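Below: the structure, in structure tokens.
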Amino acid sequence: MHSVPPEQPRTGQRGQQQPRTGMATITPLTGAARVDWSGLRDSTGSATAIPLLLNSVAWGSPETAAAALKDLRERICQYGFVVEQATAATVPFLWELARLPRVTCRAQILHLLKNIADTRQWESIAGAYPKLLNHRENPAAWERAAREAVHAHRDALDALVSEDDTEIAHATAELARTLGRQPC
């Protein structure tokens, strides 16, 4: 599993550091370049489009971000309950985007994280057909890894629950219940 890099200073046009303002500044999604997306699969095949979709969510207009998130959802959590191999690798970046005030679809990202945390589709099938667990591609393992990735970043809930936006606060509370955690 990969980790999100520590906060890094923002750079100007020529790679020069911009002065600090007292607030931590980060360049979103810098860790996405370290993931071998071509070696992962989403519901369409190769997961190589995921970084572009994440960037569209981060930097796009509200319409562009919503469309990119919809496409991303279909690729990593189809129908709201079928995860893919690339889902676990995508989750840390979803958490990162959910915490960025400039992202326009944060509540929908939190709903997607809740859907991923709720997934039990492949696990249920493996319960009835244990031979599924012996296949080289083990979707039950993908599902478990995706749920674990959502749980691994649950500390972000504390900051999100205090948001002034009621839609974000509500989505955060729902996700917290799914994760069995009460945000502070």
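The set of residues in the range 26-47 that are touching a residue at least 24 places away in the same chain (Cβ under 8 Å), hydrophobic (A, V, I, L, M, F, W, C) and assigned to a loop (DSSP other than H, G, I, E, B) comprises Leu29, Val35, Leu40, Ala47.
Identify, by number, the condition in (1) modelled with pLDDT of 95 or more; (2) surrounded by 16 or more Cβ atoms within 10 Å (Cβ to Cβ); (3) assigned to a helix (DSSP H, G or I) that Trp142 doesn't meet. Only one criterion in (1) modelled with pLDDT of 95 or more; (2) surrounded by 16 or more Cβ atoms within 10 Å (Cβ to Cβ); (3) assigned to a helix (DSSP H, G or I) is unmet by Trp142, namely (1). Screening Ala149 with (1) open to solvent by 40 Å² or more (accessible area, probe 1.4 Å); (2) among the small types (Gly, Ala, Ser); (3) at pLDDT 95 or above gives one miss only, at (1).
Let's see how each residue does on (1) at pLDDT below 95; (2) open to solvent by 60 Å² or more (accessible area, probe 1.4 Å):
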position	(1), (2)
Val91	no, no
Cys105	no, no
Asn115	no, no
Trp122	yes, yes
Ile125	yes, no
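If you go through the range 65-101 and pick out every residue that is without any contact (Cβ under 8 Å) to a residue 12 or more places away in the chain and over 15 Å from Leu53 (Cα atoms), you end up with 2. Selection over the range 152-177 of residues that are surrounded by fewer than 18 Cβ atoms within 10 Å (Cβ to Cβ) and either of a type in the set (Lys, Arg) or part of a helix (DSSP H, G or I) (or both) gives a count of 12.
In this structure, Arg136 does not qualify as open to solvent by 70 Å² or more (accessible area, probe 1.4 Å), farther than 19 Å from Gly80 by Cα and either among the small types (Gly, Ala, Ser) or modelled with pLDDT of 85 or more (or both).
When Thr30 is tested against (1) over 17 Å from the mean Cα position of the chain (by Cα); (2) of a type in the set (Ser, Thr, Tyr); (3) at pLDDT below 95, just one condition goes unmet, and that condition is (1).
The values are calculated or read from the model by the stated rules, or taken from the named source; none is laboratory data. Everything numeric here is computed off the predicted structure, so don't read it as measured data. All Cβ positions, glycine included, derive from the backbone under ideal geometry; neighbour counts span all protein chains shown. What goes into the accessible areas is simple: the full protein's heavy atoms, side chains included, and nothing from ligands, DNA or RNA. Shrake-Rupley method; radii C 1.70, N 1.55, O 1.52, S 1.80 Å.
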